[in-house]
Amino acid sequence: MVARGLQPAFAVALTIGTASMIQGAEDMLDIGSRLELFVDGYLVDQMHGVVQKLHSPDRQDISLSFDRPWEGSVSHAVHVFKDDAVFRMYYRGCGAEVTWAERVQCYAESTDGVHWERPVLGLYEFRGSRENNILFGTELADTNLAPFKDPNPDVRDTERYKAIAAFTAEHAGSDEKRAAVAGLVSADGIRWQLIQRDPIFIAPPKDRMFDAHQICFWDSNLERYVAYCRGWNPHRVIRRTTSADFRKWSEFEYLDYGDAPPEHFYSCMVSQYPRAPHIYIGLEKRFLPSRKAVSEHHLAGVSDAIFMSSRDGIHFDRRFMESWIRPGLDRCNWTDRNFHVAWDVIQTSPVEMSIYWVENYRHPGCRAQRGTLRPDGFVSMHAGCPGGEVVTKPLRFAGRGLVINYATSAAGSVRVEIQDQNGAAIEGFALSDCPEIYGDHLERVVTWKNGGDLGPLAGRSVRLRFALKDADLYSLRFQPEKPPITGPAVLAADPALDFSEGRMTVEAFIYTFPPPRKKAWTRIMSRYDHSPDGAQRGWEWAVLPDGRFRFRLNQPAPGTNGAQGDQNVDSQEPLAESTWIHIATVFDRPNRRLRLYLDGVLAGERKIPDLPLRPTPDQDLYLGRYGGADMHPFYGKLDELRFSATAREFDGPPDKPYSGDDPETVALYHFDERDDDATTPNAVQGSPLQSRLRVPDDRPLSESRPGFGRALTIPRPENNTRP
């Protein structure tokens with residue numbers, strides 16, 4: 001019904017926009033399987049009844065009130081990033097009770113990005129005491145530290161953490177002091193030292209360009225360090241410089257905002273969006289120096305925060321001129337220099353991204369405030385009622401399934417059509433073949449009447465047509481192909497898989513058949529010990545009756561029943577059926593964390609007690625059923641099973657075959673046949689474990705798909721009941 005209602009308007013638009021529908025291969029976008037957001041016009045060719053809608057963060061709790069004696073009302077320059085299992089926050093401490101000469105650089109940390117603590121560091125004496133969280137004062141650098149963790153695996157241990165900070169230097173032996181930026185390094189992110197005596201870059205004469213919070217990070221696209229710094233032209237603007245070694249830097253280049261009118265940007269908060277690092281986002285403090293909303297305040301100027309985006313880090317799209325964060329009803333936010341947004345955007349749960357900013361600046365309530373967005377939730381393609389449509393430019397993808405992040409009302413819907421590059425629906429993928437999709441999902445696999453396998457269309461030039469009704473579409477991606485099978489499995493270390501005292505990562509590709517009976521448990525794999533005291537010690541991969549995935553791990557306290565030690569981490573959404581999904585589960589005892597990744601995206605996390613796993617050395621690994629009993633069978637395919645004695649992190653699904661050369665890999669299974677025998681289930685690669693792989697004879701190895709070797713296949717029974 002939605003499509004019929006929209007066809008007339010769309011037909012007119014096609015007539016008007018025919019030229020845009022006839023494009024050559026040189027105009028085709030090659031997006032592979034990467035995540036794409038609708039923050040700009042990169043994907044979009046035509047819109048009808050649809051607008052790009054900017055979404056502001058939802059205010060949450062106060063992360064940190066700057067109420068310590070060494071902090072105060074002009075505490076500022078908040079900087080946040082995640083470092084393995086720890087969230088780190090850096091900020092300037094200063095206020096009415098702290099003179100400008102006493103300003104200090106402070107540190108806080110968190111295990112969840114929500115609740116923050118000030119560790120007592122004992123590094124710096126403030127008014128006679130070292131009982132504080134101060135890193136250093138002005139003796140090392142001037143102010144506004146901007147640190148990051150260097151991802152380069154070859155970096156020196158003493159320079160694992162790098163930072164820049166404002167600095168004042170005497171230039172070329174002159175008595176004239178100029179603004180400058182110092183480079184700092186640290187082995188632990190806490191104890192800092194200058195990378196060199198001289199600043200890494202210095203301002204030209206009479207240039208105030210470093211009187212702000214400068215930002216620096218390793219740009220994975222450029223494969224260089226980049227720094228974004230204050231400039232004047234004649235407004236407050238942002239400039240970028242790059243470096244291969246963090247010591248020698250290029251000439252500054254102004255950011256380009258196209259035809260957007262000039263505005264004062266008081267900050268330089270540019271970063272690569274963590275979930276799609278080919279996209280840069282700018283969350284800038286916009287300053288209007290001539291306005292004064294609170295007459296009794298001693299300084300003029302009001303601020304808010306704006307959103308902008310870029311594909312190269314220099315040319316920024318400013319289609320959203322409106323405010324991203326408004327001052328609101330709080331009068332203390334209507335005075336100068338509020339809404340300094342922290343670098344970086346952090347994912348604090350599978351369903352939220354956290355953003356931090358400073359508000360109530362120059363007031364007793366000065367604080368770091370937290371806000372949240374859904375993942376990829378900056379901008380959506382939005383349609384109300386009766387609806388609208390979006391058509392993409394011609395694009396080429398890699399993968400087998402289309403995944404969308406969307407939300408509708410109870411009456412709303414999303415439908416998708418795949419067209420050829422000229423705008424004609426491809427048979428089997430027309431709008432009429434796509435059932436209405438409704439609800440609110442971060443990762444929903446789109447299906448048509450013939451299923452959701454898009455493998456035959458991969459590599460072709462296609463368009464996507466979205467029909468939206470009272471709906472928001474935030475992002476899309478294509479599920480990547482499973483890595484190809486290349487050669488035999490490689491095993492290393494102890495094949496008993498005893499990870500009881502430390503860390504464990506289990507990962508595999510799973511292809512789920514629709515079960516014969518809904519609302520029933522299935523076990524993809526399990527490794528349990530049924531001991532006499534009733535403690536079921538071990539772990540399992542299960543699919544819950546509602547289709548969600550569960551990683552269940554058992555940590556019973558000594559002398560207790562195993563049921564009292566269950567720790568579960570579940571996916572938010574049901575597993576997609578009839579498509580390959582990469583699943584990875586992580587047991588990280590030292591950091592007391594369980595994590596679940598689906599296709600390389602964090603889908604669940606929970607805190608666990610500091611207790612070991614205690615599997616017995618001869619404990620069986622069962623594939624496709626519940627350990628210890630032939631029940632709850634799983635129907636589908638399993639391939640590329642890897643066990644690692646480490647707590648791995650993922651920023652995307654694997655894009656190349658697993659390798660046993662990794663010293664942390666304990667066992668690796670390609671499930672290829674040995675010699676010419678393709679029917680013997682025990683002929684799996686990984687011989688040290690094959691005696692403990694309980695694979696029934698009626699569950700043979702079979703093709704995962706042409707050219708991708710073999711996969712363990714557990715077929716559905718012919719009848720409609722479970723065995």
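We did not get these values from a lab; they are worked out from the coordinates using the rules stated. Quick caveat: nothing in here was measured; it's all calculated off a predicted structure. When we count neighbours, we look across all protein chains shown, and the Cβ atoms used for this are built from the backbone with ideal geometry, even at glycine.
Figures for the structure shown
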quantity: Phi to ³J(HN,Hα) by Karplus 6.51 cos²θ - 1.76 cosθ + 1.60 over segment 226-241, Hz, x for Gly, Pro; calculated: 10, 10, 10, 9, 5, x, 10, 7, x, 6, 5, 10, 10, 10, 10, 9
quantity: Point-to-point label distance, Arg592-Arg247, nm (Cα→Cβ direction, 7 Å offset); calculated: 4.3 nm
quantity: Listed peptides 585-598, 114-127 by packing density, highest first (mean Cβ within 10 Å); calculated: 585-598, 114-127
quantity: Full-extension gain in nm, Asn422 to Leu29, via 0.36 nm per residue minus C-alpha separation; calculated: 140.0 nm
quantity: Sequence-distant residues sharing a close amide H with Gly401 (under 5 Å, placed H); calculated: Leu454, Gln479
quantity: Unsatisfied cross-links (Cα-Cα over 32 Å) in the set Lys248/Lys285; Lys469/Lys607; Lys53/Lys162; Lys162/Lys292; Lys177/Lys248; Lys149/Lys292; calculated: Lys469/Lys607; Lys53/Lys162; Lys162/Lys292; Lys149/Lys292
quantity: Residue-span extension gain [Arg606 to His298] - 0.36 nm each, minus C-alpha spacing; calculated: 106.1 nm
quantity: Distance in nm between pseudo-label sites at Ile190 and Arg127 (7 Å out along the Cβ direction from Cα); calculated: 2.5 nm
quantity: Built amide H within the under 5 Å cut-off of Phe201, gap 5+; calculated: Val181
quantity: HN-Hα J in Hz across segment 586-603 - Karplus 6.51, -1.76, 1.60, θ = phi - 60°, x for Gly and Pro; calculated: 10, 9, 10, 5, x, 9, 6, 9, 10, 9, 10, 10, 10, 6, x, 10, 4, 10
quantity: Gained length - Tyr254 relative to Trp100, 0.36 nm times residue gap less alpha-carbon distance; calculated: 52.4 nm
quantity: Sites Asn152 and Lys449, calculated FRET efficiency, Cβ-Cβ separation with R0 41 Å, nearest 0.05; calculated: 0.25
quantity: Calculated FRET value between Arg548 and Lys177, using beta carbons and R₀ = 60 Å, to 0.05; calculated: 0.45
quantity: Amide proton proximity set for Gln572, modelled H, under 5 Å, gap of 5+; calculated: none
quantity: Rule-of-thumb Rg ratio for segment 58-124 [Cα; 2.2 N^0.38 Å; N residues]; calculated: 1.14
quantity: Simple label model, 7 Å out from Cα along Cβ direction - Val120 to Leu222, nm; calculated: 4.3 nm
quantity: For segment 337-349, 3J(HN,Hα) per residue [Karplus equation, 6.51 cos²θ - 1.76 cosθ + 1.60, θ = phi - 60°, Hz, x = Gly/Pro]; calculated: 6, 8, 6, 7, 7, 6, 7, 10, 7, 10, 7, 9, 6
